[in-house]
């Protein structure tokens, strides 16, 4: 079951800060399919292996990129985040953070790091903030997913859950179709959550679409308990990131979603980005 969450409607941060998450239900842990992976999971050392995949395509302006960076850094050191860490049996998670644009353009900013308290959280946050901001061309969500998959195999940590967290402000327009990449991740027992950024009016020059939230819900996210937190207000940017991370750490999803995911056919053409690019530039 997949759900769409609107930031400003679900006030998760406050509930987690109080040590009681009301109205949310934890999804069942997923199992890795291979024998080798099963051995790795035999003695989990972290509660969550989380890949943060962050869009830096040119459609994101410099202010948005800065807010995005600050949002992740501030969320990781927040008291709500640190308290959420304690909700798992191990009290620690592993995070890796990379930025992406085209299908061949991904850059790891934070290799796998364990966060188990204020000191390790501060170290990760500081490393995120001090890295120079960059921008790049094209938008390949499929490329980001495909880049993320082997990162779990390379992780030295064993997690009870594995999640790819994708933020972006446009549909896939480069690389393999997003559904193929998404399904490959789901086959490995990996959950994908999304943070569609919709703070600007759709623009011809940036290939924005009106219903990016539905596109993310129907074409990008997947797996048990997967969800979307959408940002439609620039002032809610950091709050949205914190809310999403808190849900992921606690392994929870809203019990009363705003909009249920489509049961069968996507409500948005999952090739809409590729179609727009072809129509405008013919390649």
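Highest mean packing comes first when the peptides 113-122, 168-177 are listed by Cβ atoms within 10 Å, giving 168-177, 113-122. Each Cα pair of the range 133-208 feeds into the Kirkwood radius, which the Stokes-Einstein equation turns, at 25 °C and 0.890 mPa s, into a diffusion coefficient of 178 µm²/s.
Mind ranking 59-66, 210-217 by how tightly packed they are, going by the mean number of other C-beta atoms within 10 angstrom, highest first?
210-217, 59-66
How large is Rg/Rh for the range 75-162, to two decimals, with Cα atoms and a Kirkwood Rh?
Numbers: Rg = 14.3 Å, Rh = 14.3 Å.
Expressed as Rg/Rh, it is 1.00.
Peptide packing for 131-143, 267-279, 69-81 was compared via the average number of neighbouring C-beta atoms within 10 Å per residue; ordered from the highest value, the list is 69-81, 131-143, 267-279. For the range 40-98 versus the range 159-178, the spacing of their alpha-carbon centroids is 15 Å. Taking the square roots of five times each eigenvalue of the Cα gyration tensor of the range 187-252, the equivalent ellipsoid has semi-axes of 23, 16, 7 Å, listed largest first. Altogether, the Stokes-Einstein calculation at 4 °C and 1.567 mPa s, with the Kirkwood radius of the range 98-234 over Cα pairs as Rh, returns a diffusion coefficient of 81 µm²/s. Exposure proxy for 265, 154: other Cβ atoms within 10 Å of each Cβ, ordered fewest to most, give 265, 154.
Here's the picture: a label point sits 7 Å out from the Cα of residue 279 along the beta-carbon direction, and within the range 98-135 nothing has its amide nitrogen under 18 Å of it. You can think of it this way: the chain between residue 58 and residue 265 has 71.5 nm of extra reach, that is 0.36 nm per residue less the Cα-Cα gap.
Readers should treat all values here as calculations from the given coordinates under stated rules, not as data from a laboratory. This is a predicted model, so every value here is computed, not measured. Counting neighbours? That spans all protein chains shown, and the Cβs are built from the backbone with ideal geometry, glycine included.
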